[in-house]
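Single-structure report; data block below.
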Amino acid sequence: MADPRTYFAAVYEAGDAWLADCSAQPDLVREAWRLGALAPIPSGTTWLVAETRLLIGVQAHAHIRPGRCGPVLADPAADRTWWLIPPGAAEDLADVRAVHVHPRDWLLNCPPTGRQLYGRLWLSPPDGSGRLTNPLTLAAALGPGALPAEAAS
C-alpha cells in the first residue's frame with residue numbers, strides 16, 4: 001500500500017503545477033507561494049470563477065459526488081467559495097441567483113493546493129487533471145432555491 005503522504009504530495013505538486021500554468025507568468029505564481037503569499041491568477045483562459053456565499057457553497061460541495069467536482073476555493077472570513085468552471089459556462093449559471101460568475105481576467109487570489117494561506121483553503125484542490133466543475137452540476141447541487149421562481153417551475 002502506498003504511503004498517503006507520498007500520494008498527497010504528488011497530487012498537490014500536480015495541482016500547483018496546473019494552477020501556476022493557468023497564469024501567463026507561472027514563475028511569479030510559484031514565487032508568491034514560496035514567499036507565503038496568495039498568488040493572483042486571472043480567470044478566462046483556462047477557467048472562469050463562479051462565486052457563492054460560504055454556507056451555500058459548502059452545502060453544494062457536499063451534494064456533488066466525488067470525481068464530479070473541480071477545484072473549489074473557500075475563505076470563511078470573507079464568507080465566500082469560488083468554483084472553477086469552464087470558460088464558456090457563464091451563460092449556464094446566468095439565472096442561478098446564488099452564483100456570481102466573474103468576467104474574464106478577474107483575479108482569484110490562490111494559495112497553493114496543499115496549504116491554507118490567509119484563511120483561504122481548497123475544499124477541492126486542483127489535482128493537475130484540469131477537471132472543472134460542470135455548471136449544470138453546480139446549479140443542481142445548489143438546489144431549487146438557487147433558481148429564480150420562473151426558472152424553477
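Output the number of residues of the range 9-25 satisfying the condition of being over 18 Å from the mean Cα position of the chain (by Cα) and of a type outside the set (A, V, I, L, M). Steps first, answer last, please.
Filtering the range 9-25 for residues over 18 Å from the mean Cα position of the chain (by Cα) gives 9-10, 24-25.
Of the ones still in play, those that are also of a type outside the set (A, V, I, L, M) are 25.
The total comes to 1.
Which residue out of G36, G57, G44 is within 30 Å of P144 (Cα to Cα) and not in a helix (DSSP H, G or I)?
Result of the check over G36, G57, G44: G44.
Suppose we filter R115, R104 for residues that are within 17 Å of S23 (Cβ to Cβ), of a type outside the set (A, V, I, L, M) and more than 12 Å from the chain's Cα centre (by Cα); which single one remains?
R104 is the lone residue from the list that is within 17 Å of S23 (Cβ to Cβ), of a type outside the set (A, V, I, L, M) and more than 12 Å from the chain's Cα centre (by Cα).
Give me the pairs, please: first residue somewhere in the range 1-30 and within 23 Å of L132 (Cα to Cα), second residue anywhere and assigned to a helix (DSSP H, G or I) and of a type in the set (G, A, S), beta-carbon distance under 7 Å, and either six or more positions apart or on two chains.
P26/A20; V29/A20; R30/A20
Working only within the range 114-133, note down all residues that are crowded, with 18+ Cβ neighbours inside 10 Å and in a loop (DSSP other than H, G, I, E, B).
P125, P126, G128, L132, T133
Pick out the one residue from D16, D95 that is among the acidic types (D, E) and either in a strand (DSSP E or B) or at pLDDT 95 or above (or both).
The unique qualifying residue is D16.
Filter the range 89-111 down to the residues that are open to solvent by 50 Å² or more (accessible area, probe 1.4 Å) and touching a residue at least 24 places away in the same chain (Cβ under 8 Å) and list them by number.
Within the range 89-111, D92, D95, R97, H100, P103, R104, D105, W106, L107, N109 qualify.
Test of understanding: among A39, A78, which residue is touching a residue at least 12 places away in the same chain (Cβ under 8 Å) and surrounded by 18 or more Cβ atoms within 10 Å (Cβ to Cβ)?
Working: A78 fails: surrounded by 18 or more Cβ atoms within 10 Å (Cβ to Cβ).
Selected residue: A39, the only one of A39, A78 that is touching a residue at least 12 places away in the same chain (Cβ under 8 Å) and surrounded by 18 or more Cβ atoms within 10 Å (Cβ to Cβ).
Farther than 17 Å from T45 by Cβ, of a type in the set (D, E) and outside any strand (DSSP E or B) - does that describe any residue in the range 98-113?
Checked against the condition, which is being farther than 17 Å from T45 by Cβ, of a type in the set (D, E) and outside any strand (DSSP E or B), the range 98-113 yields no hits at all.
Go through (1) crowded, with 21+ Cβ neighbours inside 10 Å; (2) more than 16 Å from C69 (Cα to Cα); (3) over 13 Å from the mean Cα position of the chain (by Cα) one by one and return the number of the condition L142 breaks.
For L142, the failing item is (2).
The values are calculated or read from the model by the stated rules, or taken from the named source; none is laboratory data. These numbers were taken from a predicted model, which means no experiment stands behind them. We place every Cβ from the backbone using ideal geometry, glycine too, and count neighbours over all the protein chains shown. Accessible surface areas use protein heavy atoms only, side chains included; no ligands, DNA or RNA. Shrake-Rupley method; radii C 1.70, N 1.55, O 1.52, S 1.80 Å.
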